[in-house]
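These notes concern the structure reproduced below.
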């Protein structure tokens, strides 16, 4: 995979752009939280998982093999699922702006579908 099409153009890929923008949106959302023990814990977790989605996609682009690429892609997908879980937790606990949480949740659901489709497409090869 190294030197392949994904590698040199990964920042131009729609999925990378969406993950990057979604991670930035998560960080901005958490800046609005009032302090509580729960919000502090969830804030750290959701920031880490959201940033990990885009970071692992970036690492996938530098994969030294197709297997390495797929492994990082799968980690990215799992981190997107974790981020969605934290968003649901925020909503249930009424932490943060509900409209922003709902919109981010929809975006992460789309990201999960796209990453899953890319991953499953590779299985057929």
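The values are calculated or read from the model by the stated rules, or taken from the named source; none is laboratory data. Only a predicted model underlies this, so the values are computations on that prediction, with no experimental measurement involved. Glycine gets a Cβ as well: all are built from the backbone with ideal geometry, and neighbour counts include every protein chain shown.
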Requested in this report: Determine whether region 10-18 contains at least one residue that is at negative phi, more than 15 Å from the chain's Cα centre (by Cα), in a loop (DSSP other than H, G, I, E, B) and modelled with pLDDT under 95.
Outcome: no
Query raised in the report: Can you pull out the residues in region 31-69 that are in contact (Cβ under 8 Å) with a residue 24 or more places away in the chain, within 19 Å of residue 98 (Cα to Cα) and surrounded by 20 or more Cβ atoms within 10 Å (Cβ to Cβ)?
Result: 42, 46, 50
Requested in this report: Name every residue in region 70-112 that is buried (at least 20 other Cβ atoms within 10 Å of the Cβ), part of a helix (DSSP H, G or I) and more than 16 Å from the chain's Cα centre (by Cα), in order of residue number.
Outcome: 90
Query - Residue check, residue 3 farther than 12 Å from residue 83 by Cβ, out of contact with any helix residue (DSSP H, G or I) (no Cβ under 7 Å at 6 or more places or on another chain) and modelled with pLDDT of 95 or more - result: no
